[in-house]
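Engineer: Here's a structure for you.
Rule-based calculations on the coordinates, nothing more; no lab input. From a predicted model like this one, the values you see are computed outputs, not experimental measurements. Heads up, the Cβs are rebuilt from the backbone with ideal geometry, glycines too, and the neighbour counts pull from every protein chain shown.
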Amino acid sequence: MKHYYPLLVILAKVKKLIWLCWNNMVTLISVIGRAVLVDGWRGFKEQARQDQNGEKLCSGLSYGVKQQLIVFQWALTFFVLLSSTVTWAHINAKLLVLQGTNAELGSVTSSTNIIDKTATNPHILVITIGDGTIYYNGSVSISVSLPVGVTAAEPIKVSLVRGAGSNLGDVPIPTFPTSVSIPKNSNVGYFNVSGINTSDAPATLVLEGSGSGFKFNPGTITIFNKRIQEFMSISANGDGIHDYSEINNIEKYPDNEVDIVDRWGVLVWRAKRYNNRDIKFIGKSNQGHPSKLSDDIYYYVIRFYDENGELNIFKGSLQLKSGISEH
């Protein structure tokens with residue numbers, strides 16, 4: 001018996017090896033697998049004599065005979081990970097099957113049942129339906145998504161219904177599918193909603209979802225009976241909120257022009273192809289010598305040609321507040 005380490009000593013060495021070789025776990029498993037399943041106990045004993053701290057065990061063991069394998073049957077599961085062909089079939093809360101081949105062992109298979117506790121985490125079992133806006137007889141793409149970092153192990157079917165919070169008035173019920181799926185290995189799915197609003201007031205569609213085991217956050221779709229929606233007032237202080245005049249959906253009509261004049265009717269800003277990105281009003285004049293404009297009430301005119309070639313004109317006022325920063 002003097003030729004063998006006690007089992008507890010061997011396990012202590014293995015534990016220390018795992019800590020020392022954490023950054024190279026595949027190499028560590030290879031060493032343990034070969035030492036235990038092929039070379040036997042003597043390799044651990046003689047190499048440990050060579051370095052009592054266990055720091056060089058990761059470099060490989062090559063001694064001994066094949067024996068005492070039953071004591072280390074647990075190593076089989078780790079050893080198959082070293083095979084040249086490994087199949088990992090994983091489905092939430094089901095069976096994990098590992099298959100592999102190795103020159104010494106031939107073909108091996110190991111399996112274990114997995115209890116996926118993450119599948120019962122209420123913070124993960126949440127699906128959010130996105131918001132959107134429909135302009136003048138149009139449509140919008142809406143998302144259904146899991147929390148950030150969570151993906152579906154299998155397709156998730158989400159049933160969709162019009163929620164009680166909808167405010168459609170005389171507007172026909174918008175068109176949307178009765179269900180949508182989040183694909184396997186994905187975080188999000190998409191569907192289209194289309195609608196027509198014939199009144200001047202915006203209509204609101206609330207979409208609610210249902211599905212086994214999930215909590216759902218509803219989505220809100222606003223439907224306008226016009227082609228653009230302008231938010232022109234500015235408080236350009238660099239906080240990212242109302243730092244420029246925003247004209248929603250104007251990108252759909254690139255043949256556009258925007259004029260802004262002061263209270264005396266003097267043109268202070270003009271641009272074509274307004275797009276809310278590189279062409280946008282940020283409270284500075286672009287006429288004559290560009291400069292910051294003073295706090296005041298200004299007036300705008302938006303002109304664009306629609307999909308039918310007809311000229312559309314929107315007029316209104318905007319307020320420019322202090323806090324404008326130079327760019």
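Engineer: With the cut-off at 18 Å, tell me which of the pairs Lys272/Lys315; Lys292/Lys315; Lys157/Lys215 have Cα atoms farther apart than that.
Structural biologist: Violating the 18 Å limit, Cα to Cα: Lys292/Lys315.
Engineer: I need Glu230, Glu310 ordered by Cβ neighbour count within 10 Å, fewest first.
Structural biologist: Glu310, Glu230
Engineer: If you don't mind, another one. Between Thr204 and Lys272, 0.36 nm times their residue separation minus their Cα-Cα distance comes to what?
Structural biologist: Once the chain is fully extended between Thr204 and Lys272, it gains 21.3 nm.
Engineer: Output the relative contact order of region 129-224, whole-number percent, from Cα pairs under 8 angstrom with separation of 6+ residues.
Structural biologist: After rounding, I find 39 percent.
Engineer: Here is a follow-up. Could you please rank Asp278, Asp239, Asp255, placing first whichever residue has the fewest other Cβ atoms within 10 Å of its Cβ?
Structural biologist: Fewest to most other Cβ atoms nearby, the residues stand as Asp278, Asp239, Asp255.
Engineer: Now for a separate question. Kindly identify region 273-326 as rounded, prolate or oblate by the Cα gyration tensor criterion: order the square roots of the eigenvalues as a ≥ b ≥ c, call it rounded if a/c is under 1.5, otherwise compare a/b with b/c, prolate if a/b is larger, else oblate.
Structural biologist: Prolate shape, in that a/c is at least 1.5 and a/b is the bigger ratio.
Engineer: Now for a different question. Pull up all non-local amide H partners of Ser179: gap of 5 or more, or a different chain, and H-to-H distance under 5 Å with H placed in the peptide plane.
Structural biologist: Leu160
Engineer: Oh, and also: Using alpha carbon centroids, what distance separates region 226-265 and region 130-175, in Å?
Structural biologist: 28 Å
Engineer: From the phi angles alone, apply the Karplus equation (6.51, -1.76, 1.60; θ = phi - 60°) to region 172-184 and give each ³J(HN,Hα) in whole Hz, x where the residue is Gly or Pro.
Structural biologist: After applying 6.51 cos²θ - 1.76 cosθ + 1.60, I find x, 4, x, 8, 7, x, 7, 7, 8, 10, 8, x, 4 Hz.
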